[in-house]
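Nothing in this text is a laboratory measurement; each read-out follows from the coordinates by a stated rule. All figures in this text were calculated on a predicted structure; none of them were measured in a lab. Backbone-built Cβ (ideal geometry, glycine too); neighbour counts: all protein chains shown.
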Amino acid sequence: MHSQGSNRKQLTRSLVILAAVAGGSYWAGTQTAQWWQQDDQRTAMTPAAHFHKLDRFVISIPGEQYQHYVQLELAIKSESAEFSDVLTQAEPLVRNGLMHLFSKKHYEELSQLQDLNGLQNEVKVLLADTLQRNGYPNQIDEVLFTRLVVQ
């Protein structure tokens, strides 16, 4: 008789454990599906980046003995598709600002450039300031140099 009571307790424990495992598995499965759906929604909500390429231009810069040149091509990244129109309208201001910035740089500084990200950020700040001072929206996310040649 004692073994029957022991078997019932063991059977009851096993059923409780089985029910807990089954319930936990079901709950985890539904939570995982919700988690993946949330991740898909976050991915779908991320706006696509838009790039506006500026035409290549050459700027003269001073050197120790000779005048040197910088050839620069860059792209401006923005989440706004309409920002390309803004940059087209403001391109003379943008190019003028870049010419002023680079004309203050020296050949030695640019030819041995160690911090490209720093220079790109300096250009981003300059362009944001130029656009805002002239009544244009600043929607620049990033400035990317696609070519930088110093001769």
**Fill in**
Per-residue Cβ contact counts at 10 Å, fewest first, order Tyr66, Tyr107 as Tyr66, Tyr107
**Request:** Taking the Cα centre of the stretch 54-127 as origin, sum charge times position over the Cβ atoms of Lys and Arg (+1) and Asp and Glu (-1), and report the length of that vector in debye to the nearest 20.
**Result:** 120 debye
**Message:** Given the DSSP H assignment, sum -39500 (n - 2.57) over each helix run of at least 4 residues in the chain and divide by its residue total; what's the result at 222 nm in deg cm²/dmol, nearest 500?
**Reply:** -20500 deg cm²/dmol
**Message:** Can you tell me the orientation of helix 116-133 relative to the chain, as the angle in degrees between its alpha-carbon axis and the longest Cα principal axis, to the nearest 10?
**Reply:** 80 degrees
**Fill in**
Put in order of increasing Cβ neighbours within 10 Å, starting from the fewest, Thr12, Thr130 give Thr12, Thr130
**0 to 90° range, to nearest 10: angle between helix 83-103 axis and the chain longest Cα axis** = 60 degrees
**Request:** Calculate, in nm to one decimal, what Ala20 and Glu142 gain on full extension: separation in residues at 0.36 nm each, minus their alpha carbon distance.
**Result:** 38.7 nm
**Prompt:** Mind checking which lysines have their C-alpha under 24 Å from Lys53, skipping anything on the same chain fewer than 8 residues away?
**Reply:** Lys77, Lys104, Lys105, Lys124
**Request:** Multiply the residue gap between Asn7 and Asp85 by 0.36 nm, knock off their C-alpha separation, and tell me the result in nm, one decimal place.
**Result:** 20.1 nm
**Prompt:** By counting other Cβ atoms within 10 Å of each Cβ, how are His106, His52 ranked from fewest to most?
**Reply:** His106, His52
**Message:** Given a 10 angstrom Cα cut-off, can you work out which residue in Val16, Val94, Val58 is the most mobile in a GNM of the chain?
**Reply:** Val16
**Prompt:** Does the chain come out rounded, prolate or oblate, given a ≥ b ≥ c as the square roots of the eigenvalues of its C-alpha gyration tensor, rounded meaning a/c under 1.5 and, failing that, prolate meaning a/b above b/c?
**Reply:** prolate
